[in-house]
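Novice: Structure provided below as structure tokens; questions to follow.
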């Protein structure tokens, strides 16, 4: 495991493999990048020879910023945090996400098509458009509303 400082926020990450095709595995809440330890060998077997598994802010051993804006998908996917993740700022990557990481994977595919070689897989979160047109998806995602209130994060002091 290693760390990188992104806009004053320490992000823990693990990189597996050498050069070649890249993949980025984004964890959900409250997991860490270690969530992907069993999938990384399968990615390598499928041709992704370098996998980066950053631990998203507020999870695992990554820092927990106080500013609400630090958790915005626009901030993470559209700005410096994505560009700063090791092994991903030098070419396109296959992106895989779980839970909150799935939302990030969809956002990265939308906001950073220059860096995302394929939209990847998002488990178990469907495409963001499903939230607008499918009431059942909003019902299944009720817990996301809870985290919109200050102090409700399981990591909150």
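Novice: For a quick check: sort 144, 74 by the number of other beta carbons within 10 angstrom, fewest at the front.
Specialist: On the way: 144 15, 74 10.
If I rank by nearby Cβ atoms, fewest first, I get 74, 144.
Novice: Order 127-140, 24-37 from most to least packed using the mean count of other Cβ atoms within 10 Å. Could the numbers behind the result be given before it?
Specialist: On the way: 127-140: 11.8, 24-37: 21.6.
Packing order, densest peptide first, comes out as 24-37, 127-140.
Novice: Oh, and also: Which order, highest average first, do 60-68, 97-105 follow once you tally other Cβ atoms within 10 Å for each residue and take the mean per peptide? Mind dumping the intermediate values first?
Specialist: On the way: 60-68: 14.6, 97-105: 24.4.
Descending mean neighbour count gives 97-105, 60-68.
Readers should treat all values here as calculations from the given coordinates under stated rules, not as data from a laboratory. Remember, it's a predicted structure, so these values are computed and weren't measured experimentally. Positions of Cβ are backbone-derived with ideal geometry, glycine not excepted, and every protein chain shown enters the neighbour counts.
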